[in-house]
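Trainee: Please read through the structure below; I'll follow up with questions.
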Amino acid sequence: MKVSLSSRIQSIPPYLFAEIDRAIEVKRKSGVDVISLGIGDPDLPTPPHIVEALRVAAGDKRNHQYPSYQGLREFREAVAGWYKKRFNVALDSGSEVVSLIGSKEGIGHLPLALVDPGDVVLYTDPGYPVYKIGTILAGGKPVPISISRENNFLPDLSAVPKDSLKKAKLLFVCYPNNPTGATAEKEFYKEVVDFAVDNNIVVAHDAAYSEVAFGGYKPMSFLEVAGAKDVGIEFHSLSKTYNMTGWRIGMVVGNPDVVRALGKVKENVDSGVFQAVQIAGVAALNGSQKCVSDNMKILEKRRDNIVKTLSGLGWDVRPPKASYYIWFPVPTKGISSVDFAKTVLDKAGVVVTPGVGFGQYGEGYIRISITQSDERINEALERLKKLKV
Ligand code: MLT
């Protein structure tokens, strides 16, 4: 039988990081010792007290049944407590918090809750690919708003075309930003709230990297701004903060109508997060946060090492204040980001991510993730030094 695929699935490209995984697999099979600076997947382990909480909870048979759809009460309360402590944002754990199978899952499902066929979803480009893909899967029309170095990778909301604005239902923003490492401050978020109110658009702020910041810098939550909860939600994840990418746990918080609508989609398509993982999440959020600051010291040294070495090669590399990502122009004139990344993989066995994988406005840039050990990073840098592109 020839399987006939939906036009929806045919219209989406293969997932960027799955493609990269496939390319790595091919190289490894041919005997190359590949070093991946591609995906933002921490090499550092989940802190032991969190692993121990999972071990104990996994042995308790009460956790072997279906979890709550909305999320374990203790988990939602821990999320609300953490938001209060970290951002001084008050959340009602009963109506303003829902657990997610990682923030990617919630981001991918959100358009199903808000968007009808033909509605526009705005998102910053370059950006996390799931904003666009989730929109397409819901039958919406993704409209990118370019961000560039000249504007500190903040969107010019006044430049969104009027016809898109009229049909727009949702705006995705993400700071600290993936892939550019850019950060945003209060003035920007105020502008976003005004834009949302003026145009009746829901805002979804992806804050997955709020705890990955250097030199004492503390990124803020979108919800700290007056009026934000009236117009939007924030996605968060334990993945990056506590080195828990494999555990699949995150949360959506904020506007209760939007949170409830996303919860309704989820009730119908998934059955929540393994309760033992949520209990480990409680240990993470309620426990000492020293593990987070210790991590940041390690990451900051890596960032500095990479920036110094690549700048020494004459590459235009600047240190990000936050996130795992170093985002810089393709060092060789006249070649595309994909060709540069391919050459680096072929000649040096090092994976870097082509900027165009994050959208059309990412062309001309390369992203490097600092989530490898010092030893592997040093080896990758040695190989890049010898590279003639
Ligand atoms: C990335 O490398 O952009 C992220 O790790 C992907 C993700 O968070 O799903």
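Trainee: Mind checking which of Leu223, Leu114, Ala261 is farthest towards the positive end of segment 48-286's charge dipole, using Cβ charges of +1 (Lys, Arg) and -1 (Asp, Glu) about the Cα centre?
Mentor: Ala261
Trainee: Averaging sequence separations of C-alpha pairs under 8 Å and six or more residues apart, then dividing by the length of segment 48-286, give the relative contact order as a whole percent.
Mentor: 30
Trainee: What is the sum of charges around Asp33, taking Lys and Arg as +1, Asp and Glu as -1, for the other residues whose C-beta is under 11 Å from the C-beta of Asp33?
Mentor: The answer is +3.
Trainee: Longest segment of the chain with no trypsin sites (Lys or Arg not before Pro) in a DSSP loop having at most 16 other Cβ atoms within 10 Å? Write out the running numbers ahead of the final one.
Mentor: Numbers: sites that count: Lys2, Lys321, Lys333, Lys388.
Maximal segment without exposed cleavage sites: 3-320.
Trainee: If you don't mind, there's one more thing I want to ask. Pick from Pro129, Pro45, Pro111: which residue has the top mean-square fluctuation in a GNM of the chain where Cα pairs under 10 Å get a spring?
Mentor: Pro45
Trainee: Of Lys190/Lys333; Lys240/Lys388; Lys186/Lys297; Lys297/Lys342; Lys218/Lys301; Lys84/Lys132, which ones are farther than 28 Å apart at the Cα?
Mentor: Lys190/Lys333; Lys240/Lys388; Lys297/Lys342; Lys84/Lys132
Trainee: What's the magnitude of the charge dipole for segment 242-389 around its Cα centre, counting Lys and Arg as +1 and Asp and Glu as -1 at the beta-carbon? Answer in Debye, nearest 20.
Mentor: 320
Trainee: Name the lysines eligible as straight-distance cross-link partners of Lys385: C-alpha to C-alpha under 16 Å, and not fewer than 8 places from it in the same chain.
Mentor: Within the straight-line cut-off, Lys385 pairs with Lys308, Lys347.
Trainee: OK, next. Hey, could you get me the Stokes-Einstein D for the chain, Kirkwood radius over alpha-carbon pairs, 4 °C and 1.567 mPa s, rounded to whole µm² s⁻¹? It would help to have the intermediate numbers written out before the result.
Mentor: Working: Rh = 21.6 Å.
Rounded, D is 60 µm²/s.
Trainee: Treat every Asp and Glu Cβ in the chain as -1 and every Lys and Arg Cβ as +1, leave all other atoms uncharged, and give the resulting dipole magnitude about the Cα centre to the nearest 20 debye.
Mentor: Value, rounded to 20: 740 debye.
Trainee: Amide H of Asp125 versus every other amide H placed in the peptide plane: which residues, excluding those fewer than 5 positions away on the same chain, fall under 5 Å?
Mentor: Ile145, Ser146, Ile147
Trainee: Just report the Cα centroid separation between segment 263-338 and segment 20-45, whole Å.
Mentor: 17
Trainee: Could you pull out every residue, at least 5 positions away or on a different chain, whose amide H is within less than 5 Å of the one on Asp206? Hs are placed 1.01 Å off N in the peptide plane, and Pro or chain starts have none.
Mentor: Under 5 Å from the amide H of Asp206 lie the amide H atoms of Val173, Cys174, Tyr175, Phe235, each far enough along the sequence or on another chain.
No value in this document is a laboratory result; all are computed from the given coordinates. Small disclaimer: the values here were computed from a predicted structure and weren't measured. Neighbour counts are summed over all protein chains in view; Cβ atoms, including those assigned to glycine, are modelled from backbone coordinates with ideal geometry.
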